[in-house]
1. Which whole number of Å³ per residue matches the convex hull of the alpha-carbon atoms in the range 74-116?
2. Take the range 32-134, compute every pairwise Cα distance, and split them into 5 Å bins from 0; I just need the percent in each bin.
3. For every other residue with a beta carbon closer than 13 angstrom to the beta carbon of Pro110, add +1 if it is Lys or Arg and -1 if Asp or Glu, then tell me the sum.
4. Where Lys and Arg each count +1 and Asp and Glu each count -1, what net charge lies around Leu143 among other residues with Cβ under 13 Å from its Cβ?
5. Given the Cα-Cα distance of Arg24 and Asn76 and 0.36 nm per residue of separation, how much length would full extension add, in nm?
6. Convert each backbone phi in the range 303-312 into a coupling constant with the Karplus relation 6.51 cos²θ - 1.76 cosθ + 1.60 (shift: θ = phi - 60°), then list the ³J(HN,Hα) values in order as whole Hz, x for Gly and Pro.
7. Filter the chymotrypsin sites (Phe, Trp or Tyr not before Pro) in the range 118-198 down to the DSSP loop ones having no more than 14 other Cβ atoms within 10 Å, then list what survives.
8. Quick check on packing: order 47-60, 219-232 by the mean number of other C-beta atoms within 10 Å, highest mean leading.
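Nothing in this text is a laboratory measurement; each read-out follows from the coordinates by a stated rule. This structure is a prediction, so every number in the text was calculated from the model and none was measured. Positions of Cβ are backbone-derived with ideal geometry, glycine not excepted, and every protein chain shown enters the neighbour counts.
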Amino acid sequence: MFVPRVLSSSTQLAAIFPQDPVLRVGSSLTATCSVSAELGIHASTLFWTLNGKRLPSSTYSVLGPAAQSVTLSRLNGSRQQSGDNLVCHNSGGHVLAGSCLYVGMPPEKPVNLTCWSRNTKDLSCKWAPGGQGETFIRTKYTLKYKLRWYGREKECADYNVGQPYTCYIPRDLALFTPYEIWVEAANQLGTATSDVITLDVLDVVTTDPPADVHVSRVGELEDQLSVRWGTPPALKDFLFQAKYQIRYRLEDSTDWKVVDDIGNQTSCRLAGLRSGTVYFVQVRCNPVGIYGSRKAGIWSDWSNPTAASTPHSERLLSGSCDPKSGEQNSTLRRELKQFFGWVRKHAYGCSGMSIKLYDQWRVWLQKSHKTRNQVDSTRR
């Protein structure tokens, strides 16, 4: 890479035309460097660099003793949004004049505009740039909004530098009235506007994940865990019906199983689990009906994982059985297995009555195993 040296006395004695042009990707450009006779330089001794790299002399044309041009064909997008540096040098390498080339594409229509409110008083929105998203030159995105039937157009001012294509409106929002919201994209090559979305703040309320998630065993039942959690504190003062979801997975697995049928309750019994196994559990909330809104809210993030293990099966740990007793009760056990297999299948999730029946059967079965094992040990 060529390292230029600056010739301070030449700053007003040479110039490049055009100065700081804006071009589409794939365009060609011919730029001319003109030097003053005061410098005592012949144009044939000049050379050019682009972003510090010397351009081949085959691209030069001497237009006269004081002017030389360079032709750049099929330009790629600018390497940096501040533009590419095209520089004219004398034979000693000193900088005579420079120009910035802005080579890019006009923006395409922004897409996937979505908004949500944490507490009905604010609004956050995010979107994605249209097309492939790369314009190569500085492009400004502006989120605009206004009340649907009246009110003046406003611009969102709080853009998150760490999260591009997001903006936050912290206050002064009306409730029970729809807003129209859209995004405008603009750069030196053109403008584009997203589709307009219409929403009521009350219809896009979300919240923090449920707090105080606790997972515990259900007595000695080796295939169940109890999950309890608290209502999100940010919504404690609102009248609403919450929907909750639970998901859980094995400690050594990445596959989550989701329980949907929880409704508004803040506890759930997970059944059909493996004995002696560690499970990770998460809960999330969807606030429904804030101030009477008829639309579902937006799901919160999942809570932090909470871990608990199911008890080991005593039948597996005991390592003994009674063949005679098993033979005498084989028919009954087979019928019970079939019946409660059906109960277990239909009691998936957080059901009530079926789980209670299943609990009673498991307790009875475990007690019968304990009693039989005690009798066996006495005989021995």
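1. On the way: hull volume 5.0 nm³, N = 43.
It comes to 116 Å³ per residue, whole-number rounded.
2. Percent of Cα pairs in each bin: 2, 11, 16, 15, 11, 9, 7, 6, 6, 5, 5, 4, 3, 1, 0.
3. Numbers: positive: Lys109, Lys126, Lys140, Lys144; negative: Glu108, Glu184, Asp195.
In short, +1.
4. Details: positive: Lys126, Lys140, Lys144, Lys146, Lys154; negative: Glu153, Glu155, Asp158, Glu180, Glu184.
So the surrounding residues net to 0.
5. Details: separation 52, 0.36 × 52 = 18.72 nm, distance 0.87 nm.
Computed gain between Arg24 and Asn76 is 17.9 nm.
6. Result, rounded to whole Hz: 5, 4, x, 10, 10, 7, 10, 7, x, 6.
7. Values: sites: Trp127, Phe136, Tyr141, Tyr145, Trp149, Tyr150, Tyr159, Tyr165, Tyr168, Phe176, Tyr179, Trp182; in loops: Phe136, Trp149, Tyr150, Tyr165, Phe176.
Loop-located and lightly packed - Trp149, Tyr150, Phe176.
8. Values: 47-60: 14.6, 219-232: 18.8.
Result, highest mean Cβ count within 10 Å first: 219-232, 47-60.
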